[in-house]
Amino acid sequence: MSVIPLGINNRLVFPLACLAAVALVFVSEGSYRSSVSGLDHGLVLEKVRMDLHDIQDNLVNAETGFRGYLLTGQPEFLQPYDDSIEKVDGSLRSLERQFAAEPRMAQEVGALRSASEDKLAEMARTILLYREGKKDAARDAVASGVGRLQMDRVRALDRELHAGVKVAIESCRRDVYRTLRLSRLGVAVLSAVGLLALFMYLRQTFALKAQQLELKRVVQAERDRLEMEVGQRTAELSDLTHYLLTAREDERSRLARNLHDDLGSLLTSAKLDAARIKSRLGGKVPEALEMLVHLVSTLNEGIALGRRIIEDLRPSALSNLGLVETLSIAAREFGLSSGIEVHCDLHPVELDAASELMVFRLVQESFTNISKYAAADHVWLSMDADAGVVHVSVRDDGVGFDTRVKPGSAYGLLGMRFRVEAEGGTLSVQSTPGQGTTIMARIAPSRSGSGAAH
């Protein structure tokens, strides 16, 4: 496959594009920061204007309530006066915070505070005179014009601050406009540089496209070949797994028959011989009788052990009693041996012999895992059918595990999955640390009568 060389112009494409991009970012970021700073400062100045307006409005409201009280003597007229005192102080505090770093403006705000407090103090003194019964003195204080002069001083200071704020707002607006103009110019220049880099890049795009398509075709062909090979190997492994499972169950069946026929016959014959010897000795040799009793007991234990081994290899109850009764027996024996309470909800289902054995092994392996790892107090075993699909579930209330993390000994679960999938079913495991584990198998009806007994 040929490689297309890049010319001198193309070697400049990426550095030029990167330079344009970096410059564009710097211009955009600088413009953004400058604009945001100007807008934020403008918002602060607008807040200052509102605070100045609120101070004057609240002083007017206070004076209105104050005069209403002096005219009527009704205390409710003082409510606007009382509310305005707190609001004026809040607005003045806000102004002081805004201009803390600007000495000149801070001085003007201080003068405004002084004038406002003088106005409020003058009204407070007049109200005190009125409450003390000196109504004429209070009216004389109002008529003296001191309050009007103080209010005029407040308005004058307010106008001065308004004028300064207006100038600052206009300056912010001009700065924002200037920044936006420079940003537009910078973006236009850098966009032109970017278009030039794009044009230089597109000169090679069409030439490289054919090369890329050819490479893609080769890669896709190799991928298809690998996928086909993986599919074949997966099918072979699945067939091998199914064969090994079948061979193992066949070997178990053969071994169970041999143990039942040969070992069982030998142990039973030995037990009968011991019984005949015991009957012939009678009570003549007590020591021999005691040894015979021990021998018979040992033979009984050996016969019971052989039966348990045979049942583990190939449960005879499965052929004689059916799947439901076999699972009930297994659950009962597991509960007795482990001390875990097992709750069964088993319903008759239609399965072939191979699938029944698979279900039994699934439950058997689940019980083994629970006894080893779950530390559970209760186990729930259920089996039913819905529209011909058989559902088997084993749930415990043990410690559980994180299904996203592969456990150190995952071969038990892997073996379960292989067994279920070999019979055309699906297996799912749900578990959460501290909330137990649920193993669910689903056997589809398409395989529920097609298997052969192992």
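The values are calculated or read from the model by the stated rules, or taken from the named source; none is laboratory data. The structure presented is a predicted model; accordingly, all values stated were derived computationally and were not measured. Here the Cβ is made from the backbone with ideal geometry for all residues, glycine too, and neighbour counts use every protein chain on show. Ligands, DNA and RNA are stripped out before the accessible areas are found, and what is left, the full protein with its side chains, is counted by its heavy atoms. Shrake-Rupley method; radii C 1.70, N 1.55, O 1.52, S 1.80 Å.
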Inset, instruction - Using a Förster distance of 30 angstrom, determine the FRET efficiency expected from the C-beta separation of Lys87 and Asp152, and round it to 0.05. - result: 0.90
Inset, instruction - Would you mind classifying region 284-398 by shape? Square roots of the alpha carbon gyration tensor eigenvalues, ordered a ≥ b ≥ c; an a/c under 1.5 is rounded, otherwise it is prolate if a/b is larger than b/c and oblate if not. - result: prolate
Inset, instruction - Quick one: what are the phi-derived ³J(HN,Hα) couplings along region 182-199, Karplus 6.51/-1.76/1.60 with θ = phi - 60°, whole Hz, x for glycine and proline? - result: 5, 5, 4, 5, x, 5, 5, 5, 5, 5, 4, 4, x, 5, 4, 5, 5, 4
Legend entry - Phi-based couplings in Hz for region 376-385 (Karplus 6.51, -1.76, 1.60; Gly and Pro marked x): 8, 9, 9, 9, 10, 10, 9, 8, 7, 10
Legend entry - Amide H contacts under 5 Å for Cys344, placed H, 5+ residues apart: Leu381
Legend entry - Backbone HN-Hα couplings from phi across region 267-276 [Karplus 6.51/-1.76/1.60, Hz, Gly and Pro as x]: 5, 5, 4, 5, 5, 5, 4, 5, 5, 5
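Whole number please: convex hull volume per residue of the Cα set in region 367-429, in Å³?
99
Just to check, using Stokes-Einstein with a Kirkwood Rh over alpha carbon pairs, what's the diffusion coefficient of region 80-179 at 4 °C and 1.567 mPa s in µm²/s?
Calculated translational D: 83 µm²/s.
Please identify the GluC sites (Glu not before Pro) of region 332-390 that satisfy two criteria: DSSP loop assignment and at most 15 other Cβ atoms within 10 Å. Which are they?
Numbers: sites: Glu333, Glu341, Glu350, Glu356, Glu365; in loops: Glu350.
In loop regions of region 332-390 (DSSP not H, G, I, E or B), the sparsely surrounded GluC sites (Glu not before Pro) are Glu350.
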Legend entry - region 120-218: translational diffusion in µm²/s, Stokes-Einstein, Kirkwood Rh over Cα pairs, 20 °C, 1.002 mPa s: 102
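Express the carbon and sulfur contribution to the solvent-accessible surface of region 168-214 as a percent, rounded to the nearest whole number, probe 1.4 angstrom.
67
Checking the table Lys87/Lys134; Lys47/Lys166; Lys47/Lys119 against a 19 Å threshold on Cα-Cα, which pairs fail?
Pairs exceeding 19 Å: Lys87/Lys134; Lys47/Lys119.
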